[in-house]
Structures are given as structure tokens and as C-alpha cells.
Ligand code: NI
């Protein structure tokens, strides 16, 4: 297990399309997921995508009981999602604040589909098939965007609602690392 360096916005790898995983339940895949988990927890993140630690594969993990970064968000079950397919359910879009471990210190309002059907596999090759909404749907859309080379600032429509966390939210309890 190890905490890996998270690539920051500006790194070309974050703009790449990630390749699908072709073999499940391998030592390499388990080691990758362990490193992603260690890194996400170390940085108090609610999700992380493999490209953020320099691995251009379609692997994301997310989930939390209670987040210091998003204290008002409902819990999202811990999930390993590989080769995801996302389908919006309905046209409803809602605005919400997002941050990203690759864009430290900043947060912005991003429009996302409110309801989402997603499928994929876990690290053992078991199928995942879920219908979700709200913050869960937001996190999945954010993480899966990383696999297409999209960072959340590229989705912001109102740039007046993009800024530094400590300026925007002076009362938010600061996590140990952003
Ligand atoms: Ni991110």
C-alpha cells in the first residue's frame, strides 16, 4: 500500500482518454485500487480516478460515511467502478459545488444530471448496476469525467461561482489537506 502523488491540473495525462480494463481480479488491479484508496483517504477525498495517480485506466473509486470536505452531503457507499457506462435519467440538471484533488484549494458550481443510471464492474469482475440521484450521481459524473480527460472547471458555466475554498467558505472546517 502506498500514498501516491496526485497529478494536478495542467498535467497532460489528466486530459487523456483512459483505456478500458481487460483483466479483472489480478494482483496489479488490486494494488492499483489499494493505492487509490490510500491516496483518497489520505487527502480526505470522496472519490479518485486512476488517471489522477498517473494510471490511464478506466478505474474510479468513491464513497464516504461523512466527509470533512462536503459536510452536508449524504453518505455514498464505498464503490470500485471499472469500465463505467453512464446514462442520464431524465433531463433534470442541478447545480452543486465541486472540488477535485487535482485542483487543490478551489471549488466551483457545476451543473450535473440529477438522476443517473450507471453500470460497470468491480475489481473482481462482478457487475454493478445502479440508479442514483443527488450527490451520489454528482460524484459518479465527476469521477467518470476524469476517464474522458475532463476536469470539473471545464464544465463550469458561471465562472463567478469558482474560487478559493477558504474565501468562498470561511466557516468550513478545513481538512488537513485539500
Ligand atoms: Ni476530481
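A short reminder: the numbers here are calculations on the coordinates, not readings from a lab. Treat the numbers as computed from the prediction; the structure is a model and nothing was measured. Positions of Cβ are backbone-derived with ideal geometry, glycine not excepted, and every protein chain shown enters the neighbour counts.
Would you pick out the residues in segment 136-154 that are more than 14 Å from the ligand (Cβ to nearest atom) and touching a residue at least 40 places away in the same chain (Cβ under 8 Å)? Give the derivation first.
The first filter runs over segment 136-154 and keeps only residues more than 14 Å from the ligand (Cβ to nearest atom), leaving 136-137.
The one that is more than 14 Å from the ligand (Cβ to nearest atom) and touching a residue at least 40 places away in the same chain (Cβ under 8 Å): 136.
Among the residues of segment 68-96, which ones are within 21 Å of residue 168 (Cα to Cα) and crowded, with 19+ Cβ neighbours inside 10 Å? Break it down into steps so the answer makes sense when it comes.
Kept after step one, since they are within 21 Å of residue 168 (Cα to Cα), are these residues of segment 68-96: 68-73, 94-96.
Within segment 68-96, 69, 70 qualify.
Only one residue in 73, 50, 92, 31 is more than 19 Å from residue 151 (Cα to Cα) and under 15 Å from the mean Cα position of the chain (by Cα), so which one is that?
On the way: 50 fails: more than 19 Å from residue 151 (Cα to Cα); 92 fails: under 15 Å from the mean Cα position of the chain (by Cα); 31 fails: under 15 Å from the mean Cα position of the chain (by Cα).
Every option except 73 fails the conditions.
Filter segment 34-47 down to the residues that are in a loop (DSSP other than H, G, I, E, B) and within 12 Å of the ligand (Cβ to nearest atom), then identify the one that is nearest to the chain's Cα centre (by Cα).
Filtering segment 34-47 for residues in a loop (DSSP other than H, G, I, E, B) gives 43-46.
Keeping just the survivors that are within 12 Å of the ligand (Cβ to nearest atom) gives 43, 45-46.
Details: 43: 13, 45: 8, 46: 7 Å.
Within segment 34-47, the match that is nearest to the chain's Cα centre (by Cα) is 46.
Please go through (1) in a loop (DSSP other than H, G, I, E, B); (2) surrounded by 20 or more Cβ atoms within 10 Å (Cβ to Cβ); (3) away from the ligand (no atom under 15 Å from the Cβ) for residue 157 and return the number of the only condition it doesn't satisfy.
Tallying (1) in a loop (DSSP other than H, G, I, E, B); (2) surrounded by 20 or more Cβ atoms within 10 Å (Cβ to Cβ); (3) away from the ligand (no atom under 15 Å from the Cβ), residue 157 fails exactly one: (2).
Under 8 Å between Cβ atoms, at least 6 apart or on separate chains: pull out the pairs that start in segment 94-114 with a residue that is on the phi > 0 side of the Ramachandran plot and end on any residue that is away from the ligand (no atom under 11 Å from the Cβ).
Close Cβ pairs (under 8 Å, with a partner that is away from the ligand (no atom under 11 Å from the Cβ)) amount to 105/164; 105/165; 105/166; 105/178.
Yes or no: residue 105 exposed (fewer than 14 other Cβ atoms within 10 Å of the Cβ) and closer than 22 Å to residue 8 by Cα? Steps first, answer last, please.
Values: exposed (fewer than 14 other Cβ atoms within 10 Å of the Cβ): yes; closer than 22 Å to residue 8 by Cα: yes.
Yes; evaluated as a whole, the condition is true for this residue.
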